[in-house]
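The values are calculated or read from the model by the stated rules, or taken from the named source; none is laboratory data. Being a predicted model, the structure only gives us computed values, none of them experimental. Reconstructed Cβ throughout: ideal geometry from the backbone, glycine too, with neighbour counts over all protein chains shown. Ligands, DNA and RNA are excluded from the accessible area calculation, which covers all protein heavy atoms including side chains. Shrake-Rupley method; radii C 1.70, N 1.55, O 1.52, S 1.80 Å.
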Amino acid sequence: MQDSANPGLLPLLLSRQQQEQDSQVRQALHMASARLQLASPDAAQRLSAIHTLADSATRPPSACWPR
């Protein structure tokens, strides 16, 4: 996704994330937003994305994707 990242999609993803009722979809949108932020020219956004993705990698899958 980073190779074809379109930073213009970030506001749309963030908006949908705030409106989404389903927790699994909201989490997926959150992760997609973080991946887009990795391509940001802003170092603070990239660092935030790294923390988000690192946090998700250290949690068990059941914590990330409740069933």
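Can you find a residue that is part of a helix (DSSP H, G or I), at pLDDT 90 or above and charged (D, E, K, R) anywhere in the stretch 41-52?
Taking the stretch 41-52 as the starting set, the residues that turn out to be part of a helix (DSSP H, G or I) are 43-52.
Within this subset, residues satisfying the condition of being at pLDDT 90 or above are 43-52.
Still in the list and also charged (D, E, K, R): 46.
Checking the stretch 41-52: at least one residue is part of a helix (DSSP H, G or I), at pLDDT 90 or above and charged (D, E, K, R).
Out of all the residues in the stretch 53-67, which are at pLDDT 90 or above and either closer than 13 Å to LEU10 by Cα or surrounded by 13 or more Cβ atoms within 10 Å (Cβ to Cβ) (or both)? Within the stretch 53-67, LEU53 is the sole residue that qualifies. In the stretch 27-47, the residues that are closer than 14 Å to LEU12 by Cβ form no Cβ pair under 6 Å with any partner that is open to solvent by 70 Å² or more (accessible area, probe 1.4 Å) and of a type in the set (Val, Ile, Thr), whether six or more places apart or across chains.
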